[in-house]
Protein chains: 2
Amino acid sequence: MNVEFINPFISSLVNVLETMAQTKLQPGKPKKKGDEVAVGDVSGLIGMVGPQVKGSFSISFEESLALEIMQRMLGEKPAKINAEVTDMVGEITNMVTGGAKLELSGKGYDFDMATPIVVSGKQHTITHKVDGPKIILPFSSDAGSAYLEICFDKL
Amino acid sequence: MNVEFINPFISSLVNVLETMAQTKLQPGKPKKKGDEVAVGDVSGLIGMVGPQVKGSFSISFEESLALEIMQRMLGEKPAKINAEVTDMVGEITNMVTGGAKLELSGKGYDFDMATPIVVSGKQHTITHKVDGPKIILPFSSDAGSAYLEICFDKL
């Protein structure tokens, strides 16, 4: 997959968390291998459909990081993942994808976003089913880790 | 949400499991309440984008049912949810949505499908984040239960 296509998602995620929750994410080494999977306790997922391509994006958070983001964004820290946390993860998913969409649209790549879905459950794994290449990118922070995964059926 | 829009997903799911895996799903009572969530051990999710609407579909299976479907479709029953099972759930998600898409297209509702995503993890919950109405539909079978959830931001 074209780096030009991945970077807007990475910078959009880093941006959203820095501006909304004063949380700095450090990108780790991207993984391309098919046997790596994104793991987390709460994940936001969204489908994307364009004239030439279709694909999907997910962002998975460790529980500690998701709860800390709640604290920093809203000033309240729930004891565990609840409906407010999944709402926030849905919003972050929308914002990150929307930011990337805007940047990519300026480069001539267009797609529409479906509605976000949030998954909650200890240590679930996410697998994007697509014929094309997949990129998994781990992030670390002072409050826990996150995994971004993005894939498209072409590119 | 229009019943005309939900029924093709229900009949497509029942059809796919009956023809592919000789498994009869019995639909239970649909739930509309916001506090109900779909629960399962392995789920297939897909985003949908049309000219007037966008939305998402998910189907969540209890582990026992997913493994029995593997046995009936492929003649081999894995001990637990593995990559073959998530592949199968991704395929079922594609087939069910594709069947509903075809039927709805004939009725003048058009949408494109994103690529499917499969979630695996004991008793995870799925929440579709959308402003419009959501329908959760439980199914029972001789091998375990399943939850279908579908929502659109309009309709």
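The values are calculated or read from the model by the stated rules, or taken from the named source; none is laboratory data. Quick caveat: nothing in here was measured; it's all calculated off a predicted structure. Note: ideal-geometry Cβ built from the backbone for every residue, glycine included; neighbour counts use all protein chains shown.
Condition check for B:Pro138 on (1) more than 28 Å from A:Ile150 (Cβ to Cβ); (2) facing another protein chain (nearest Cβ under 10 Å); (3) not basic (Lys, Arg): one failure, at (2).
When the residues of segment A:118-135 are filtered to those that are assigned to a loop (DSSP other than H, G, I, E, B) and within 11 Å of chain B (Cβ to nearest Cβ), the one that is nearest to B:Ile81 (Cα to Cα) is A:Lys129.
Among the residues examined, B:Thr86 qualifies as within 23 Å of A:Ser58 (Cβ to Cβ) and within 9 Å of chain A (Cβ to nearest Cβ). Take the residues in segment A:45-73 that are over 16 Å from the mean Cα position of the chain (by Cα), more than 9 Å from chain B (Cβ to nearest Cβ) and of a type in the set (D, E, K, R), then tell me which one is nearest to A:Asp153 (Cα to Cα). Residue satisfying both the conditions and the ranking: A:Glu68. Are any residues in segment A:12-44 farther than 13 Å from A:Tyr147 by Cβ and within 14 Å of another protein chain (Cβ to nearest Cβ), and if so, which ones? Correct list: A:Lys33, A:Gly34, A:Asp35. For segment A:94-117, check the following and say yes or no: at least one residue is touching a His at 6+ places or on another chain (Cβ under 6 Å) and under 17 Å from A:Ile150 (Cα atoms). Checking segment A:94-117: at least one residue is touching a His at 6+ places or on another chain (Cβ under 6 Å) and under 17 Å from A:Ile150 (Cα atoms).
A Cβ distance below 6 Å, combined with a sequence gap of six or more or placement on separate chains, defines the contacts here; from segment A:86-107, residues that are buried (at least 17 other Cβ atoms within 10 Å of the Cβ) reach residues that are among the basic types (Lys, Arg) and not in a helix (DSSP H, G or I) in the pairs A:Gly90/B:Lys129.
Looking only at residues in segment A:13-44 that are closer than 28 Å to B:Lys54 by Cβ and hydroxyl-bearing (Ser, Thr, Tyr), the one that is farthest from the chain's Cα centre (by Cα) is A:Thr19. Would you confirm, using the coordinates I've provided, whether A:Val53 is free of Cβ contacts under 8 Å to residues at least 40 places away in the same chain and farther than 24 Å from A:Asp142 by Cα? No, not satisfied. Restricting segment A:1-36 to residues that are charged (D, E, K, R) and within 11 Å of A:Leu137 (Cα to Cα) leaves a set whose member that is modelled with the highest pLDDT is A:Lys29. Considering the conditions (1) within 19 Å of the chain's Cα centre (by Cα); (2) within 22 Å of B:Leu25 (Cα to Cα), B:Lys80 is excluded by exactly one of them, (1).
Close contacts from segment A:1-30, counting a first residue that is of a type in the set (A, V, I, L, M) and a second that is in a loop (DSSP other than H, G, I, E, B), with Cβ to Cβ under 6 Å and a gap of 6+ residues or different chains, come to A:Met1/A:Pro133; A:Met1/A:Leu155; A:Val14/A:Leu25; A:Leu17/A:Thr23; A:Leu17/A:Leu25. Could you grab me the full set of residues in segment B:126-151 that are out of contact with any helix residue (DSSP H, G or I) (no Cβ under 7 Å at 6 or more places or on another chain) and buried (at least 21 other Cβ atoms within 10 Å of the Cβ)? Correct list: B:Ile126, B:His128, B:Lys134, B:Ile136, B:Phe139, B:Tyr147, B:Glu149, B:Cys151.
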